[in-house]
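Undergrad: I am attaching a structure below and will ask some questions about it afterwards.
Bear in mind these aren't lab numbers, they're just calculated from the coordinates by the rules spelled out. Since we're looking at a predicted model, the values are computed, not measured. Positions of Cβ are generated from backbone atoms using ideal geometry, with glycine treated the same way; all protein chains shown enter the neighbour counts.
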Amino acid sequence: MAGISAKDVKELREKTGAGMMDCKKALQENDGDLEKAIEYLRKKGLASAGKKAGRATAEGLVDSYIHFGGQIGVIVEVNCETDFVARNEEFKGLVQDIAKQIAACPNVSYVEMSEVPSDIVEKERAIALESDALQGKPDNVKDKIVQGKVDKIVKEMCLLYQPFIKDQSITVEELIKQSIAKLGENIQIRRFQRYVLGEGIEKKEANLAEEVAAQTAAATQAATPETKEPDQAPSTEAPKPAAVKPPKESRKGKGKKSGKRKK
């Protein structure tokens, strides 16, 4: 592959208005051929997008997306230059795709790197400086390694640098540039919020083993039939005869005998 000079990149940028990294990649993909690089950028929708990037964006849409099952929700604001483009179906589709992208990226919290707080960047830099991979390396090499690691981690937090969910060969940033080229206006993702059901609420953590054991014991107890005490065995002894009471004397018998005798 032919060497790519800064002069070649500058010339391509002036002719297409595409970003510096896009121009460099286009030249690398086409062995430094300027005309082929221009054609490559046009196919990608990146030519002329850079020239529109500085225009003010005061119109646009606020849209939402609720993921299947209602577990994840997203609200996003995407700006453009005119109300005419904001009502365009292609622009509306772009905004909905961006909302779905946010729903699919749990680690994304910012639109671009400039929004990441400096204390987070410095914390990641301090962690990178403790890496064993830096041992024995010259200072200038260490700086490049550390900066590369920090940039990688910070980009993972930013929406623009994520692979587009519908086409992994481009990033969200490249998707925006393609839309700028197609619609003829500057487009910016201004802000977004991602919601996850139950996020931030402390949940009771159950011991799975104990829970399974309790459920098994309950099921076993429910399946075991109740045991009845055996009926008392019939007695083998002969029944005793009922006591017979002597007959009562009649009242006449009980009376006194007459003292007179017949002569």
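Undergrad: Taking R0 as 35 Å, what FRET efficiency do you get between Glu130 and Gln221 from their Cβ-Cβ distance, rounded to the nearest 0.05?
TA: 0.05
Undergrad: Extending each Cα 7 Å along its Cβ direction at Lys144 and Ala6, get the distance between those two points in nm, one decimal.
TA: Inter-label distance under the simple model: 1.6 nm.
Undergrad: While we're looking at this one, here's another question. Roughly what would the spin-label model give for Ala104 and Gln28, points 7 Å off Cα along C-beta, in nm?
TA: With each label placed 7 Å out from Cα toward Cβ, I get 2.4 nm.
Undergrad: Once the convex hull of the alpha carbons of region 110-178 is built, what does its volume come to per residue, in cubic angstrom?
TA: Looking at region 110-178, the number lands at 109 Å³ per residue.
Undergrad: Please give, to one decimal in nm, the separation of the simple spin-label points placed at Lys182 and Val121, each 7 Å out from Cα toward the Cβ.
TA: The two pseudo-label positions are separated by 3.3 nm.
Undergrad: Here is a further query. If r is the Cβ-Cβ distance from Met20 to Val196 and R0 is 35 Å, what FRET efficiency results, to the nearest 0.05?
TA: The value I calculate is 0.45.
Undergrad: Counting other Cβ atoms within 10 Å of each Cβ, which trypsin sites (Lys or Arg not before Pro) in region 59-145 have at most 15 and sit in a DSSP loop?
TA: Sparse-neighbourhood loop trypsin sites (Lys or Arg not before Pro): Arg87.
Undergrad: A further question follows. Just list whichever of Lys142/Lys166; Lys100/Lys155; Lys15/Lys155; Lys123/Lys166 have alpha carbons separated by over 27 Å in the model shown.
TA: Flagged as over cut-off: Lys142/Lys166; Lys15/Lys155; Lys123/Lys166.
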